[in-house]
Each structure stands twice: as C-alpha cells, then as structure tokens.
1. Could you tell me which numbered condition Ser274 fails, if it satisfies all but one of (1) in contact (Cβ under 8 Å) with a residue 40 or more places away in the chain; (2) out of contact with any Lys or Arg (no Cβ under 9 Å at 6 or more places or on another chain)?
2. Of everything in the range 64-78, what is surrounded by fewer than 19 Cβ atoms within 10 Å (Cβ to Cβ) and more than 23 Å from Gly123 (Cβ to Cβ)? Give them in sequence order.
3. What helices (runs of 4 or more DSSP H) completely inside the range 1-97 contain at least 1 residues that are assigned by TED's automatic domain parsing to the domain that holds Ile130 and within 17 Å of the chain's Cα centre (by Cα)?
4. Looking only at the range 32-72, count every residue that is acidic (Asp, Glu) and farther than 23 Å from Glu119 by Cα and tell me the total.
5. Please specify each residue of the range 229-250 satisfying the condition of being out of contact with any helix residue (DSSP H, G or I) (no Cβ under 6 Å at 6 or more places or on another chain) and surrounded by 17 or more Cβ atoms within 10 Å (Cβ to Cβ).
6. Condition first: assigned to a helix (DSSP H, G or I) and hydrophobic (A, V, I, L, M, F, W, C). Now tell me which residues in the range 120-143 satisfy that.
7. Filter the range 257-276 for residues that are modelled with pLDDT of 75 or more and either touching a strand residue (DSSP E or B) at 6+ places or on another chain (Cβ under 9 Å) or exposed (fewer than 10 other Cβ atoms within 10 Å of the Cβ) (or both) and give the result.
Amino acid sequence: MTAHKRAVKSVLFVPGSRPERFDKAFATGANRIIVDFEDAVEEELKAQARENLATYLSERTDAKVVVRINAVGHPQHQDDLDFCRSAAGVSAVMLPKAESPEQLWSLGYLEKPLWPLLESAKGIRALDAIAQVSGVERLTFGALDLGLDLGLRAGSPSAQKVMDQVRYEMILASVSAGLAKPIDTVFADIANVEGLRQMASDGRDMGFAGMLCIHPSQVAIANEVYSASEAEIEWAKKVIAAASTQSAGAFRLEGRMVDAPVIRQAKQLINELSEG
C-alpha cells in the first residue's frame, strides 16, 4: 500500500459519542476528521459510538473519516477493527498507544491506511520499525501521554526540548520509510491562539504536514499556517520557469542563488499544491 501524499494540514477530533457534532466537524474545513472511539468516549458509550458512526456514514455516503480505535488489549479493540474493516467511509485507522511493529502487522488485514499514534517511550523506541510496516501511511504522536510516561513537567521549556527531539525522530523515520509527512501533536491550550500559531509555525518549519486539532477554532489557524504563502508560491513558479531555460547547474535569480536543491524544493511545493 503506497503512502497517500495529499496535503493534510488540519486533522480534527470529534467524539464518536457526539453524532450531533459530525456535520459541524466537516463544516470547519478540516482536511481530515478523526472520529474518536477511544479517550473521548466513556466506556459505557463505546458500542454506541460505533453505531453512531455507522448511521452517519450510511446517510452521508460521500463522507470519509479516520477512526481512532481503542488500543490493543482493550475489550472494544476487536469490535472497532471489525467496524473499520466493513465501513467504506473509514479511510484510515489510527492506532493509539502504538508500541511495536507487531501491533501494526496485526492490522494489515484491514487493507486500510494506518496512522500509528506514538504515546510512550516504548513506542518512540520502536519508531523506525513501526514506520517500516507495510500499510502505515503517516505518523503522529500524543505529547500529553508521552510527557506523562517520560515524567516531563508539562509546558516547561525543558519538556519542549524533549518533544522537539521526538519531532526530529519522527521526521527522520517518515522520510527514511517513504511515508507521507507526519502530523504534529495537539495544542491543548485552546484559548491561547498565539501559542497555537507559534506551535503550528514551528511544526511547519520542522517538516510536518499539519497538526492534530482538538477544537474547531484551531482548524482555520492550522490551515493558514501550514499553507504556502502567495510569495512562496510565486517564487517557486519563478524558479521552475527560470530553471527550464538554464543549462548551468546553478544560477542567480533576483539576487538569490538557485541550484538543484532549491529547484527540487520549488517543484515539491507546486506538487503539494496540486495534490492538496
């Protein structure tokens, strides 16, 4: 199964137990919607969450969602898998608390793209092996659970240093395995708009495709920050046009040096626009 390269700037969670929010989630303009069967759903409502999504997908046959299933070992795990396999509207499956390639191998029969969610030290240790599993489309991580597992002081500068190292490892694993760009973790402080914008900017500059969103208000900012600016698009077009007329390996354009890596970057930007 080849990686799906389409741009994914914003990925919004919506609880499977709140079907009245499904249409509202799609209306936000998020690139992907994750219907959550795991942490956002009370234990006694997990079966109902599957029924809610089944009903919605039968009525909205054009809708495509990612489903965050319950983790390996949870009593509802197999029922979640059976649902995802049979539901045409489920376009990908997110496995929370992913910690080994064996866990992902066991999901191969679903024949749907897999999104491992790394949330523990053990999962990060197995990152390269997980990324190499056939069917894995892209990686993401849960900073809150991971920070707790590592004993970090949430929100501290030192904790941020550790999370940036995790991001670096995730980029390396994704590129090495030929996966789609990874998705950054959530920003929990919903009211802190500038903090969200800064985190999105940092993730974009690190090489992430987009970010997980836990509130509809975060979607527009994620889409904006992870989109190329008009100036960047115009420069890329100029580079490609100039390169087509040049025989030299490197040349100057508007006072800037252009060589093979610059040309590849420009072509990649334009390709991402067409795929998005």
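The values are calculated or read from the model by the stated rules, or taken from the named source; none is laboratory data. These numbers were taken from a predicted model, which means no experiment stands behind them. Positions of Cβ are generated from backbone atoms using ideal geometry, with glycine treated the same way; all protein chains shown enter the neighbour counts.
1. (1)
2. Within the range 64-78, Lys64 is the sole residue that qualifies.
3. Details: elements: 22-27, 46-59, 77-86.
The qualifying helices (runs of 4 or more DSSP H) are 22-27.
4. Pass one, the range 32-72, residues acidic (Asp, Glu): 36, 38-39, 42-44, 51, 59, 62.
Narrowing further to those that are farther than 23 Å from Glu119 by Cα: 44, 51, 59, 62.
Summing the residues that are acidic (Asp, Glu) and farther than 23 Å from Glu119 by Cα in the range 32-72 gives 4.
5. Going through the range 229-250, the residues out of contact with any helix residue (DSSP H, G or I) (no Cβ under 6 Å at 6 or more places or on another chain) turn out to be 229-235, 237-238, 241-242, 244-250.
Matches in the range 229-250: Trp235 only.
6. Across the range 120-143, the qualifying residues are Ala121, Ile124, Leu127, Ala129, Ile130, Ala131, Ala143.
7. Of everything in the range 257-276, those that are modelled with pLDDT of 75 or more and either touching a strand residue (DSSP E or B) at 6+ places or on another chain (Cβ under 9 Å) or exposed (fewer than 10 other Cβ atoms within 10 Å of the Cβ) (or both) turn out to be Met257, Val258, Asp259, Pro261, Val262, Ala266.
Results for (1) of a type in the set (Phe, Trp, Tyr); (2) in contact with a strand residue (DSSP E or B) (Cβ under 9 Å, 6 or more places away or on another chain); (3) surrounded by fewer than 21 Cβ atoms within 10 Å (Cβ to Cβ); (4) more than 14 Å from Ile34 (Cβ to Cβ), shown as yes or no for each residue.
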position	(1), (2), (3), (4)
Trp105	yes, no, yes, yes
Gly108	no, yes, yes, yes
Glu111	no, no, yes, yes
Pro116	no, yes, no, no
Ala121	no, no, yes, yes
Leu127	no, yes, no, yes
Ala131	no, yes, no, yes
Val136	no, yes, no, yes
Leu144	no, no, yes, yes
